[in-house]
Amino acid sequence: KLIYQMGTGEAGYAIQAAQKVHQDVAGLDINMGCPKKFSVGGGMGSALLKDQNRACDIIKALRRTTEKPVSAKIRFLGPPTTTTSTTEDAKKWKEESILD
């Protein structure tokens, strides 16, 4: 089976997408790295690295509605310290049981 990578900026859409592919995939991955104008303008891709509340809402929603593993693809956003800050926050999310 494959990992399904989705571009999403909204938890509700992420849930709908996950439900459509649930039986055909081994896991779900949220694209939080795409810097393209289309993705960022829609609150998707690397825009999620700047909106941690939205990113966390999407992750929590997927975790509540599926037993599949949930991961996120990220990339450096601006200066490395910006992305490092986001990954440090992700470590806190893990400690708070938001992430595996």
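Points to keep in mind about this one:
- Scanning segment 53-78 for residues that are under 10 Å from the mean Cα position of the chain (by Cα) and more than 16 Å from I3 (Cα to Cα) yields R54, A55, C56, D57, I58, K60.
- Strands (runs of 3 or more DSSP E) fully within the chain that include at least 2 residues being β-branched (V, I, T) and modelled with pLDDT of 90 or more: 25-32.
- Segment 7-52, residues that are more than 12 Å from the chain's Cα centre (by Cα) and acidic (D, E): D24
- Scanning segment 1-60 for residues that are touching a residue at least 24 places away in the same chain (Cβ under 8 Å), charged (D, E, K, R) and open to solvent by less than 70 Å² (accessible area, probe 1.4 Å) turns up just one, D29.
The values are calculated or read from the model by the stated rules, or taken from the named source; none is laboratory data. A quick note: this is a predicted structure, and the numbers were derived from the prediction, not measured. Here Cβ is always computed from backbone atoms with ideal geometry, including for glycine, and neighbour counts include all displayed protein chains. Quick note on the areas: whole protein, heavy atoms, side chains included, nothing else; ligands and nucleic acids left out. Shrake-Rupley method; radii C 1.70, N 1.55, O 1.52, S 1.80 Å.
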